[in-house]
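Trainee: Structure incoming, see below.
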Amino acid sequence: MGWLLFTIAALAAVIYIVRFYSLKSAVKKSAEEFASIEQNPEDNRILLLSFPDKGLENLLENLNRYILLTRKERIFYQNREKALRAQIENISHDLRTPLTAIIGYLELLDTDELSAEDAAAIERVSKKAKSLQGLIGNFYDLSRLEMNDYHLNMEKVELVHFAKEISLLFYQEFEKKKISVQFDAPEEPLYLPADTGALERIFNNMLQNALRYAESSLYIGISAKKDNISIVFENDTSALKPEDAAHLFERFYVQEKSRTSQSTGLGLTISKLLTEAMGGSVEAEVAEGKLRVEYCFEKA
C-alpha cells in the first residue's frame with residue numbers, strides 16, 4: 001500500500017513538473033510572438049494557444065482583442081494620414097500655379113516709376129509671395145516624400161566641388177550677418193551616389209538654418225570614413241538647447257526662441273527624408289553652445 005501511494009505521488013509530481021514546464025514554455029512562446037507582432041503590426045497575425053490551459057487561453061483572448069483593436073486603429077490612422085498627405089499635395093499643387101503668376105507679374109512691375117514708398121511696398125509683397133511659394137513647395141515635397149512619390153535621379157556626384165559652389169552662393173549673406181565660415185575638405189575629389197537636386201536642397205536647408213541660428217561662426221567639414229563620406233555642419237548658437245536636438249527633424253518643430261525667424265520647421269525634416277531616400281543617415285547634437293549636424297553617405 002505504501003509503494004502504491006509513493007508511486008501515485010511520484011507520478012503526480014512528474015505530471016505537475018511536465019505541465020509546469022510546458023506552461024512556462026507556452027507563455028515564453030506567446031511572449032515572443034506578441035513581441036514579433038508588435039514589431040510587425042502590418043502582419044495579419046494573432047496569438048495562438050500552444051498548450052491547453054484555461055488561464056492562458058483567457059489571457060491570449062484578451063491580448064488578441066487588444067491586437068485586433070490596435071491594428072484597426074493603426075489602419076484607420078494610416079489611411080487618414082495618407083488622405084491628408086494627398087490633400088496637402090493637391091492643395092499645394094493648385095496654389096503653386098496662381099502664386100507663380102502673381103510673382104511673375106510683380107517682377108514685371110517697373111518700380112523705377114513708382115515712389116520710394118510704393119516701391120518698398122511692392123518689394124515687401126514680393127518677398128512675402130516668394131516666402132509663401134517656398135512654404136507651399138515644402139508642403140508639396142514633404143507630402144511626396146512621405147508617400148514615397150518623390151523621384152530621385154541618382155548619379156555620381158563629386159561632393160567637394162559641389163559643396164564649394166553651393167556655399168559660395170551664400171557668401172554675401174554670411175558676410176552681412178558677420179558670420180565667419182570655415183570650409184574644411186580634402187583636396188582630392190570625393191564621389192557619392194546622389195540626386196543633385198536633393199543634395200542641393202540639403203545644403204541650402206543647412207546653410208539657411210545656419211543663417212537663422214548661427215551667431216558668429218559656421219564650420220562645414222567633409223571627410224572620408226572607410227566606405228562612407230561624412231558632411232558636418234556646426235555653428236554656435238544660444239537659441240537651441242541639448243534637448244532640442246532630438247526634435248529638430250520633426251515636422252513643424254520650431255524652437256520657441258526662434259519663432260521670430262519665420263521658420264516653418266520643415267527644412268530639416270525634408271533634408272532628413274531626402275537623405276534617407278538616397279541611402280544616407282543624419283544625426284544632430286546640441287552641446288556647449290553649438291549645433292552639430294552630421295550627414296553620412298556611402299562612397300560611389
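The values are calculated or read from the model by the stated rules, or taken from the named source; none is laboratory data. Computed from a prediction, not measured in an experiment: that's the story for all the values here. With ideal geometry, Cβ positions are generated from the backbone for all residues, glycine too; neighbour counts draw on all protein chains shown. Calculation scope for accessible area: heavy atoms of the full protein, side chains included, ligands and nucleic acids excluded. Shrake-Rupley method; radii C 1.70, N 1.55, O 1.52, S 1.80 Å.
Trainee: If I compute solvent accessible area with a 1.4 Å probe over the protein chains, what percent of it on the chain is carbon and sulfur? Mind showing how you got there, number by number?
Mentor: Numbers: 10580 of 19300 Å².
That share works out to 55 percent.
Trainee: Can I ask one more? Which entries of LYS156/LYS226; LYS177/LYS290; LYS156/LYS176; LYS272/LYS299 have Cα-Cα distances beyond 23 Å here?
Mentor: Details: LYS156/LYS226 18 Å; LYS177/LYS290 18 Å; LYS156/LYS176 34 Å; LYS272/LYS299 18 Å.
Where the Cα-Cα span goes over 23 Å, the pairs concerned are LYS156/LYS176.
Trainee: Here's a follow-up. For mean projected area of the Cα convex hull in nm², the listed values are [x] 14.8; [y] 17.0; [z] 25.6; which was obtained by calculation from the structure presented?
Mentor: Computed from these coordinates, mean projected area of the Cα convex hull in nm² corresponds to label [z].
Trainee: Of the residues PHE34, PHE174, PHE76, which exhibits the maximal mean-square fluctuation in a Gaussian network model of the chain defined by a 10 Å Cα contact cut-off?
Mentor: Its mean-square fluctuation being the largest, the pick is PHE34.
Trainee: Under a Cβ-only charge scheme (Lys and Arg +1, Asp and Glu -1), can you give me the dipole magnitude of the chain about the Cα centre, in debye to the nearest 20?
Mentor: Details: 36 positive and 46 negative charges, 307 e Å.
Here the size comes out at about 1480 debye.
Trainee: Per the Kirkwood treatment, what hydrodynamic radius in Å, one decimal, follows for segment 66-113 from the mean inverse distance over all distinct Cα pairs? Can you show the working numbers first?
Mentor: On the way: mean 1/r = 0.0712 Å⁻¹.
One decimal place: 14.1 Å for the Kirkwood radius.
Trainee: Ignoring everything except DSSP H segments at least 4 long, calculate the 222 nm mean residue ellipticity for the chain; use -39,500 (n - 2.57) per segment, divide by total residues, nearest 500. Mind showing how you got there, number by number?
Mentor: Working: 7 runs with 169 residues, N = 300.
Using -39500 (n - 2.57) per qualifying helix, the result is -20000 deg cm²/dmol.
Trainee: In Å², what does the accessible area per residue of the chain work out to with a 1.4 Å probe?
Mentor: Working: 19300 Å² over 300 residues.
Each residue of the chain exposes 64 Å² on average to a 1.4 Å probe.
Trainee: Right, here's the next one. Would you work out the Kirkwood radius for segment 164-224? I mean one over the mean of 1/r across all pairs of different Cα atoms, in Å.
Mentor: 12.5 Å
Trainee: Would you mind computing the Rg to Rh ratio of segment 31-105 from its alpha-carbon coordinates, Kirkwood style for Rh? Before the final figure, lay out each step's value.
Mentor: Working: Rg = 22.5 Å, Rh = 15.9 Å.
Over the Cα atoms of segment 31-105, Rg/Rh equals 1.41.
Trainee: Hey, what's the per residue convex hull volume over the C-alpha atoms of segment 120-247, in cubic angstrom? Walk me through the numbers before you get to the answer.
Mentor: Numbers: hull volume 20.1 nm³, N = 128.
For segment 120-247, the hull spanned by Cα atoms encloses 157 Å³ per residue.
Trainee: DSSP loop (so not H, G, I, E, B), at most 16 other Cβ within 10 Å: list which trypsin sites (Lys or Arg not before Pro) in segment 152-241 pass both filters.
Mentor: On the way: sites: LYS156, LYS164, LYS176, LYS177, LYS178, ARG201, ARG212, LYS225, LYS226; in loops: LYS177, LYS178, LYS226.
Filter output for segment 152-241: LYS177, LYS178, LYS226.
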